[in-house]
Structure formats: structure tokens, C-alpha cells
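So the structure is just underneath, and the comments pick up after that.
The values are calculated or read from the model by the stated rules, or taken from the named source; none is laboratory data. Quick caveat: nothing in here was measured; it's all calculated off a predicted structure. When we count neighbours, we look across all protein chains shown, and the Cβ atoms used for this are built from the backbone with ideal geometry, even at glycine. Areas reflect the complete protein model, heavy atoms only, side chains present, ligands, DNA and RNA absent. Shrake-Rupley method; radii C 1.70, N 1.55, O 1.52, S 1.80 Å.
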Amino acid sequence: MPADFPPWDRVYAFFRRWRDRGLVREFHDRVRGQVRERAGLDALPTAGVIDSQSVKADAVVGAGTRGFDGGKLVNGRNRHVVVDTLGLLLGVMVTAADVCDRAAAHILLEQVTAAHHRLALVWADGGCTGSLIEHRLAAFVLVLAIVKRSNSMKGFVVLPRRWIVERLFAHLMRSRRLARGFERRIASAEAMIYWSVAAPMTCRPARPHRGRG
């Protein structure tokens with residue numbers, strides 16, 4: 001802890017209290033709305049991007065909340081997130097790494113659309129194809145636009161819209177607390193992500209935004 005902070009256990013006690021009362025997410029959402037308005041956007045988003053990130057879990061993470069991602073060869077957890085067109089977090093759900101993106105997206109998109117009633121368009125990768133597209137359109141009048149990587153592409157390629165959420169994942173991995181899954185509880189893992197994203201927003205300079213938001 002920084003030298004001017006109280007002892008770590010007292011600081012973490014405040015975090016637990018705020019986590020259990022939903023205050024961490026509330027603080028984050030208030031700051032996000034202010035950042036969007038400073039950028040010339042409405043506080044309520046109309047478009048977003050969904051994706052997931054697999055991270056290795058520390059030994060303290062129990063077997064009940066961790067799994068093995070066979071595609072990425074990661075034993076740990078998945079972070080499923082939805083961001084707006086500025087890359088600001090709209091929703092996060094942490095699961096075991098063996099939970100597929102499509103199953104998690106069903107739940108996460110339902111939560112996000114309930115909290116953000118103006119959300120009408122979400123860009124996603126190929127893992128969200130199939131019945132999920134029809135279900136989202138029928139249940140929430142939400143359009144899922146799939147951004148696929150072409151088979152002819154080799155190496156690293158910046159994909160339209162999807163780079164926005166990849167930038168968020170890169171930011172999370174720069175935090176030592178989030179470089180691995182250190183939290184025993186799923187609620188703590190999700191709250192840590194909200195907290196990590198909210199802190200830089202308080203000093204982010206406003207930039208004009210063009211296009212759908």
C-alpha cells in the first residue's frame with residue numbers, strides 16, 4: 001500500500017463493504033456517465049462491444065469457480081465484458097474458464113440491456129453466432145453485429161470495433177491485481193475490475209467523439 005494509506009486490512013474492509021452494497025459499480029457508472037458527457041456523448045450508450053478474456057487463476061481460487069479453457073490452454077477464469085464505443089465498461093461477468101462465450105453472453109447481455117435501456121447495437125466475435133443473435137433480437141430488440149477474422153489474415157490484425165474491447169483487456173493486464181485471478185470470490189473479482197477501470201477515468205481528458213455511441 002502507498003505510505004499515506006491506512007493499513008491494508010482497513011482499506012480492504014472498505015472495499016468489501018462497498019462490494020457487498022454494490023457501491024463499487026455505482027461509483028464506476030457515475031464516473032462513466034460524466035466521461036461520456038465530457039466527450040460530447042449522451043450519458044446512456046446506444047452501442048457496445050462484447051468479448052471475453054481468459055486469465056490464469058491463483059492457487060487461492062477454488063475448484064468450484066475455475067475451469068480449463070481448451071482453446072487458449074488456460075486454467076482459471078474468463079472475464080466477459082461489454083464496453084461502449086469509448087471502451088468504457090458497461091458490464092462484466094466473471095466465470096470459470098470452461099464456460100463458453102455464447103452461454104455467458106446470454107446472461108451478460110440480459111444484464112447490460114436491463115441497465116442500459118437505449119443499447120441497440122453490440123459488436124461481437126464469431127463465438128456469439130447462432131441462436132444468440134435471434135434470441136437477443138427477439139427478446140431485447142438488440143442487434144448483434146458479428147465482426148469475424150478472415151481466414152486469409154495472418155499474424156496480428158486490428159479488427160474493426162473489436163480493438164476497443166481488446167484495449168480494455170490490455171489495461172486490465174497492466175494491473176498487478178488483475179494480471180491473474182487472485183480473488184476467491186466471483187463478486188470480488190468483478191468489483192476489482194470495476195474499480196480498476198473507474199480510477200483512471202477520474203483523470204481522463206475529455207476527447208470529442210464521432211460516430212455512433
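Set the Förster radius R0 to 35 Å, insert the Cβ-Cβ distance between residue 4 and residue 63 as r into 1/(1 + (r/R0)^6), and round the FRET efficiency to 0.05.
Values: r = 39 Å, r/R0 = 1.12.
Efficiency computed from Cβ-Cβ geometry: 0.35.
I need the calculated FRET efficiency for the pair residue 23 and residue 106, taking r as the beta carbon distance and R₀ as 30 Å, to the nearest 0.05. Plugging the Cβ-Cβ distance into 1/(1 + (r/R0)^6) gives 0.65. In this simple spin-label model, placing a label point 7 Å from the Cα along the Cα-to-Cβ direction at both residue 199 and residue 72 gives a separation of 2.2 nm.
For residue 91, the amide hydrogen comes within under 5 Å of the amide hydrogens of 82, counting only partners 5 or more places away or on other chains and with H modelled in the peptide plane.
The gain in end-to-end length when the residue 117 to residue 146 segment is fully stretched comes to 8.3 nm, 0.36 nm per residue minus the alpha carbon separation.
Here, the stretch 59-122 is characterised by an Rg to Rh ratio of 1.04, where Rg is the alpha-carbon radius of gyration and Rh the Kirkwood radius. Each peptide among 84-90, 28-34 gets the average number of other Cβ atoms lying within 10 Å of its residues, and from highest to lowest they stand as 84-90, 28-34. Backbone amide hydrogens, once placed in the peptide plane, bring residue 58 within less than 5 Å of 181, 182, excluding anything fewer than 5 places away on its chain.
Estimate the FRET efficiency between residue 98 and residue 180 by the formula 1/(1 + (r/R0)^6), using the beta-carbon distance for r and 25 Å for R0, to the nearest 0.05. For residue 98 and residue 180, the calculated efficiency is 0.90. A straight chain from residue 14 to residue 171 at 0.36 nm per residue would run longer than the Cα-Cα distance by 54.1 nm. Summing charges over neighbours of residue 96, with a neighbour being any other residue whose Cβ is under 11 Å away from its Cβ, gives 0 when K and R count +1 and D and E count -1. With a 1.4 Å probe and every protein chain left in place, work out the accessible area per residue of the stretch 58-109 in Å², rounded to a whole number. It amounts to 35 Å² per residue over the stretch 58-109.
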